[in-house]
């Protein structure tokens, strides 16, 4: 073989093997990126479905409790102010629905004329009763029901007051029935949930206040959650409902924990269409979003945990890339050794 031909053939071989090395490295890089994207999206989807499931349960809980107050406000003994019968009915309902700390009746001036207390609230000092001015403002408004805005932390945990107008036979407001709902049990339920090593489930309101949390939500997590964009999340909760956010750098190490966060807004869950597209609501009765507190369920975990499988696979890909490049170098070496002197 002529020396020029031998040189051209050697150069061509080197170029082919170099191209193979570049393609192997590029394919490995693309594989790592695709794996990270896949596992990141899988974490988002799993967390979002969990948040939606919890939001649906919250909708059921709120609906079942508020419907009791609506029913009481429409009973004839209530708007006729038959206090003996009303007292008996209130006592019976509060014994059957243990989520109520109190049920009470107010007149048109916002004065309490009858109060029924549960065993959890032995005296009126243990409950958060509506102030007369707030009651009068509600009775003079066009609304037929309302929640305290947004909630009141009672002596035994989070409580929400739901009120419904009492209308006479002509449809004129003559008072209201209100019930103080004790939702501290929701925190107890979430407190039993463990989501992997770093997963967390929490409930927040429009102000970004953390109301309930699952396990392992400590002071550092509460500090990092300040970087969670609540306004952006509420806007997104009507659609995709997930985003990433970085925590606050650790004061000692400077380390930043990235969170993968998915969420579901209770108002959106209550009004979403049937997934089978049958033209009916997901719940057995129509639910108005305004009859629910505007809370959001957030399911999140550290990005490191969500991507650790992808990271393990990354090393496998890197090993394959190195093996491929090493193989190309061996082929090149054998090629040079086969050339005549």
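Read-outs: derived from the displayed coordinates by stated rules, not from any lab. All figures in this text were calculated on a predicted structure; none of them were measured in a lab. FYI the Cβ positions are ideal-geometry reconstructions off the backbone, even for glycines, and counts take in every protein chain you see.
For this structure, a couple of remarks:
- Here the translational diffusion coefficient of the stretch 157-221 follows from Stokes-Einstein with Rh set to the Kirkwood radius across Cα pairs; for 20 °C and 1.002 mPa s it amounts to 148 µm²/s.
- The stretch 186-259, Cα convex hull volume normalised per residue, Å³: 102
- The orientation-averaged projected area of the convex hull spanned by the Cα atoms of the stretch 64-184 comes to 6.7 nm².
- Rel. contact order, % - alpha carbon contacts under 8 angstrom, at least six apart, the stretch 64-184: 30
- Point-to-point label distance, residue 185-residue 220, nm (Cα→Cβ direction, 7 Å offset): 3.5
- Shape analysis of the stretch 34-127 based on the Cα gyration tensor places the equivalent ellipsoid semi-axes at 43, 14, 11 Å, largest first.
- Footprinting exposure proxy for 42, 243 (fewest neighbouring C-beta atoms within 10 Å first): 42, 243
- With neighbours defined as other Cβ atoms within 10 Å of a residue's Cβ, the residues 75, 19 order from fewest to most as 19, 75.
- FRET efficiency estimate (nearest 0.05) - Cβ-Cβ, residue 229 to residue 123, R0 51 angstrom: 0.75
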